[in-house]
Structures are given as C-alpha cells and as structure tokens.
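First up is the structure itself, then whatever we jot down about it.
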Amino acid sequence: MKLTIKRVPTVVSNYQEDAGERPRGGCGRNCLGHCCLPVSELPVYAFKANPTKLPLQEDAVPTDFFINLLLGQWEDRMTQGLFRYDVTACETKVIPGNLGFVAQLNEGRHLKKRPTEFRVDRVLQPFDSAKFNFTKVGQEEVLFQFENSGSDDSYFLRSAAVTVADRAPNVVAINVSPIEYGHVLLIPRVLDHVPQRIDQESFLLALHMAAEAASPYFRLGYNSLGAFATINHLHFQAYYLTVPFPVEKAATQRIPLAEGGIKSGVKVSKLMNYPVRGLVFEEGNTLNDLANVVSSACIWLQDNNVPCNVLISDSGRKIFLFPQCYAEKQALGEVSQELLDTQVNPAVWEISGHIVLKRRDDYEEASEASAWRLLAEVSLSEARFEEVKAYIFDAACLVQSQAEEETDEAIYAPVLVGPSAVGEGCLVIP
C-alpha cells in the first residue's frame, strides 16, 4: 500500500516557491545550478584534514574562527532581509523538569508554504530535478564553500573561483525559515543531485563541520525521508543554541563490545528512559572511524526502509541515532488528533528536545509530560528497536559481548508540572 501525507513543507530557500522550468541557456538568477555555479566565485572555508592535530603555523585559523565566521555571515544575510521572519524575536523557554526540554513559539514558520504530496513509505527515492532542490538556491543565500584543505590547518578565502572539474563543491547556505539563531544547511556536492541519503563521505563532511565549529552549542542534524526531511536533495542542518539539549543530558547505558569488534575505538550506548529509543556513538580513534561506523548504521537503515534522524553533538565526538516511525503512524491514522493539532512534526531537533510550537496555547501549557507524550509516539517499540539494533551492529561490524551492560548515569523520569509561560525555573533565551 502506498502511504502519503498531504504535506506542507517548510520553505528553506527564497526560490523554493518558484521552482518551475528555467529558460534555456541559464536562469539569470545567479543560482547554484550548472548554468551559473561553474563560472562563479564564492568564499571558501577549507577545513583541516585531521582535526585531532594542533595547528602547525602561528598564524593558523583560531579555534573559534569558524563559528564566528558562520554566525557573522548569517547575521549579514539577516541584515539583507533574506529570512522569512526574525527567529531571534521568537519566545523560547526551558521547561521545568529533569531533562529541561526547550520550547520555542514560532507562529510564522508554518506560513507561506506550498502543498505537495510527500511519500512516507520510501526512505530512498530518486532525485527529481523538476521539484525544488538546492541547485535552484540563489548565491546570495550561500555563506561559503566548505572544502578539505588537505593539510593540518584551516584557512578562509573571501573569494575563489568555483571549480567543478574534479568534484562538485560543498556549500553552506542559510535556511530562510530558521528554527534558531545561525540555522544553516550543509549541502554536500551540490551539483551531483544526490538524493537525501547518507554515505560515508557526506557524513564525514558533517563531522568535520562540527569539529571546525568546536562549540558544544553548535549541532548538526539529519532527517531521512519518512522522518520529516522535506527536500529530497542531500543536506544536513545546523544551528547554534546556548543550552544543552535534553537528549545530551539523558541517561545512557554502555553496550559492551567484543574485543575483536572495537578496533575503531567507537563506543556505543543506548538511551535510557528517554521518550525516543536511540543509540549513542562516541569517541573513535579518528573522525573517520566514527564516520565509518555511524554511516554504516545509517546506510543499513535507509536500505531497509527504516526512517531515521541523526544528531551530531559535542563538536562531532558524539552522535545520536534515532530510528523512528511517527510518519508511518500518522499516515495510518494511529496518531491522536490532539497531537496532530499541534502541527509539530518530530524531526531531529524535536526528538533531541528542542520543540518548535506553532500555537501560543501549546507554548504556554508546555510541560515535560506533554513533550514526553509527543516524542513517545516517535519511538520504535522495544522489541522492534532491539531487532533493528542487531541489524545495525551487523552492518557496522560491531559485536556485542556477553558482559553486563553498565548504566553511565542516573535514570530520570518525566516530572509532571503545571503549565507555565515564563515562570520560575524557566530560562528565557534572547
């Protein structure tokens, strides 16, 4: 049976609503397509090939340069009026409770959308150039190219010719419907028309971006099709939020690995008593080792039609992987009308505990219990999660040992509290 949901996707580019055919010979919009990009010049940020090594030169890029550059360029685009609304004016609060879910009131984000049919029963779908994709984005929305320096140092060029002979460029662009301050899109190999599917190369690129940011407050996220990705063109999202995500504070239980299966140095845990079941991957001998393990897990999920969301945290050192089933439940009519009325689509940010609400009443009445109820609908059942975990381990060449699993932290339960807008215990973020 073909499952579809009448979707109203968030507009991520100012050119998304004008995605018809271009005149032959070029679009005249200075876009990221083959018609314009190969003859263009854009800024370039070249990241260090080995982020574990210290800079070799005295004048090498300081560790906070990347995040300051990105946020400065993002603010410049805000000054130019390229965003659909001012996300910095949105009310935000930390909800009282053990985990500290973050709620934002963004009443404008669901406006200015175009209806479309979004298929949710296929994680892998072919790229369709007739539909909106990131080659149709205007270059004014691009902050810079993001490329490997090939050395142990990073550098930045204010302008450089785009070279497409050897490989398509990676670009960082604004999301014109931002969820939070500094909300950007990392688009690997933009001209290659790669659909929304993870591969090892693109995932390693995302880890390099997190490592360059070198900030616990800058995270990257990924949504597969069927897990609320709205554009079928490979991309990661990222933004800057100066509070811990609830999932980063959640209890975890280390999964012991057989000695022969830990050559990568990657450690694996599972979330405990969090509303969404998930796996946590961290450390690794190198960034490449971590990318290999996690991308292998993601590739198995997408090849076997299991929607998933991924959060890249702790400057690329910790990754949360969530197989999920909310869209499938929604298509089958198994989600309560109360939850549907909130218009919240639980993608990576919501699952991680940053919940964007569209209605003031929902924002005023937000509690840890209400957040828990919503996110619990996302999670696989315990039996299905354990089944998927076993397949993931096999795909990633991980072997679970028979040793007893150890809980790393205390286990929490949701706290039932009364509704509060900005009451005692809430942190208001400007």
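The values are calculated or read from the model by the stated rules, or taken from the named source; none is laboratory data. These numbers were taken from a predicted model, which means no experiment stands behind them. Using ideal geometry, Cβ is built from the backbone for each residue, glycine included, and neighbour counts are taken over all protein chains shown. For the accessible areas, the whole protein counts, side chains as well, though only heavy atoms, and no ligand, DNA or RNA atoms are used. Shrake-Rupley method; radii C 1.70, N 1.55, O 1.52, S 1.80 Å.
Search segment 315-344 for residues being at negative phi and among the hydroxyl-bearing types (Ser, Thr, Tyr), and hand back the single one that is surrounded by the fewest Cβ atoms within 10 Å (Cβ to Cβ). Explain how you work it out, then say what you get.
Taking segment 315-344 first, the residues at negative phi are 317-332, 334-342, 344.
Still in the running and among the hydroxyl-bearing types (Ser, Thr, Tyr): 326, 336, 342.
Values: 326: 29, 336: 11, 342: 15.
In this case the residue turns out to be 336.
Tell me, please, whether a residue that is at pLDDT 90 or above and under 24 Å from the mean Cα position of the chain (by Cα) can be found in segment 11-24.
Residues of segment 11-24 that are at pLDDT 90 or above, as a first pass: none.
Looking through segment 11-24, none of the residues is at pLDDT 90 or above and under 24 Å from the mean Cα position of the chain (by Cα).
Can you tell me which of (1) at negative phi; (2) within 17 Å of the chain's Cα centre (by Cα); (3) charged (D, E, K, R) is the one residue 259 doesn't meet?
(2)
Please work out if residue 172 is assigned to a loop (DSSP other than H, G, I, E, B) and either out of contact with any helix residue (DSSP H, G or I) (no Cβ under 8 Å at 6 or more places or on another chain) or within 27 Å of residue 33 (Cα to Cα) (or both).
no
Pick out, from segment 288-399, the helices (runs of 4 or more DSSP H) lying fully within it that include 1 or more residues that are without any contact (Cβ under 8 Å) to a residue 12 or more places away in the chain and not basic (Lys, Arg). It would help to see each step written out before you state the result.
Values: elements: 326-331, 337-341, 348-352, 360-364, 368-376, 382-395.
The helices (runs of 4 or more DSSP H) meeting that bar are 337-341, 360-364, 368-376, 382-395.
Can you work out which of the residues in segment 126-157 that are over 24 Å from the mean Cα position of the chain (by Cα) and open to solvent by 70 Å² or more (accessible area, probe 1.4 Å) is farthest from residue 50 (Cα to Cα)?
Looking at residues that are over 24 Å from the mean Cα position of the chain (by Cα) and open to solvent by 70 Å² or more (accessible area, probe 1.4 Å), I get 130.
Condition (residue is open to solvent by 30 Å² or more (accessible area, probe 1.4 Å), over 22 Å from residue 217 (Cα atoms), modelled with pLDDT under 90 and not in a strand (DSSP E or B)) applied to segment 59-74: is it met by at least one residue?
Looking for residues that are open to solvent by 30 Å² or more (accessible area, probe 1.4 Å), over 22 Å from residue 217 (Cα atoms), modelled with pLDDT under 90 and not in a strand (DSSP E or B), one finds at least one in segment 59-74, hence yes.
Kindly provide the set of residues from segment 278-287 that are under 25 Å from residue 243 (Cα atoms) and assigned to a loop (DSSP other than H, G, I, E, B), ordered by number.
278
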